[in-house]
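The block underneath contains the structure these notes are about, expressed in structure tokens.
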Amino acid sequence: MKNLKIATFNVNGMCARLPNLLVWLEREQPDIACLQELKSIDSAFPAAELEAAGYGAIWQGQSSWNGVAILARDAQPLESRRGLPGDDSDTHSRYLEAAVHGILVGCLYLPNGNPQPGPKFDYKLAWFERLIHYAQTLQASDHPVVLAGDYNVVPTDLDIYNPRSWLKDALLQTESRECYQRLLAQGWTDSLRHLYPEDRLYTFWDYFRQHWQKNSGLRIDHLLLNPALSPYLHEAGVDAWVRNEPHASDHAPTWIRLSSRKRR
């Protein structure tokens, strides 16, 4: 196992946020970065700019919505899967998988599900079921795996500034939380919560009502590690400074650091 920094970052529009992304990559230098909400077609992906910054990339774009990418510092990700199995009619660009630096990396953007109840929430739960089923097959492998991305789930009330303000939101519904817990029950480790079991850590601050200024945040961006990888987890955090930059995404990059030695 190498010493690696792995991050996930919902950029909320690749074209609009490219300058912010490049500043973050230069300052923090993650070895692997999973991006969500590209909101652009494949031909508009800034591969040349990222290559100039030292990153190889694969991506799955979609006009105006969704879109995921995996970046690797001084390497080229080797794509292994594009899209979750289980529904051939699903054309949303929400899951991309690659082998990078000796690790299998799944980058995901789980459906938001609002408004609920309704078809969007039904789609969220159906997509979650497909993820749970596929994640179980990944658990059967001895290969180190990380599932990183915007899960659009607030796992517990510790992961939100005030749950009463979001009681009707799809991110806090019992069904959403139960799906996330079923995923963890397979043996996945929620990296940030594992290292900081009692801390209030946020990865998303809404643009409205001064949520950033008041630190009224939610933790919805997660990096889940399988048992082959979790013993090497040594650090985790959120690059909150990125959320304070001009023209920032409403998410901040969330990261883990893996050591070549197992944690004692």
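Coordinate-derived values only; no laboratory data. Being a predicted model, the structure only gives us computed values, none of them experimental. Here the Cβ positions follow ideal geometry from the backbone for every residue, glycine too, while neighbour counts run over all protein chains shown.
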Checklist outcome for this item: Quick calc, Arg261 & Ala16: beta-carbon distance into FRET formula, R0 35 Å, rounding 0.05, result 0.30
Item to check | Structure-based [θ]222 nm, the chain - -39500 (n - 2.57) summed over DSSP H runs of at least 4, per residue, nearest 500 | outcome: -7000 deg cm²/dmol
Checklist entry - So, counting K/R as plus one and D/E as minus one, what does the shell of residues with Cβ under 14 Å around Asp157 add up to? => result +1
Next on the checklist: Net charge within 14 Å of Gln210 by Cβ-Cβ distance, Lys/Arg positive one each and Asp/Glu negative one each, not counting Gln210 itself?
Outcome noted: +1
Checklist outcome for this item: Expressed in angstrom and rounded, the centroid-to-centroid distance over alpha carbons for the stretch 164-221 and the stretch 244-264 is 16
Checklist entry - What size of dipole, in debye to the nearest 20, comes out for the stretch 23-159 about its Cα centre when the only charges are +1 on Lys and Arg C-beta atoms and -1 on Asp and Glu C-beta atoms? => result 200
Item to check | Around Asn3: net Lys/Arg minus Asp/Glu count, Cβ-Cβ under 15 Å | outcome: +3
Checklist entry - Along the principal axes of its C-alpha atoms, what lengths does the stretch 4-258 span, in descending order and rounded to whole Å? => result 45, 43, 39
Checklist entry - Based only on Cα atoms, what Rg/Rh ratio does the stretch 140-232 have, Rh being taken as Kirkwood's radius? => result 1.00
Checklist entry - Radius of gyration and Dmax for the stretch 86-160's Cα atoms, expressed in Å? => result 13.8, 41
Checklist outcome for this item: Here the relative contact order (percent) of the stretch 26-92, from C-alpha pairs under 8 Å and at least 6 apart, is 34
Next on the checklist: Suppose each label sits 7 Å from its Cα in the direction of the beta carbon; what would the Arg81-Ile132 distance come out to in nanometres?
Outcome noted: 1.6
Checklist entry - So in the stretch 4-258, what percent of DSSP beta bridges are antiparallel if you round to the nearest 5? => result 80
Checklist entry - If contacts are Cα pairs under 8 angstrom and at least 6 residues apart, what is the relative contact order of the chain in percent? => result 20
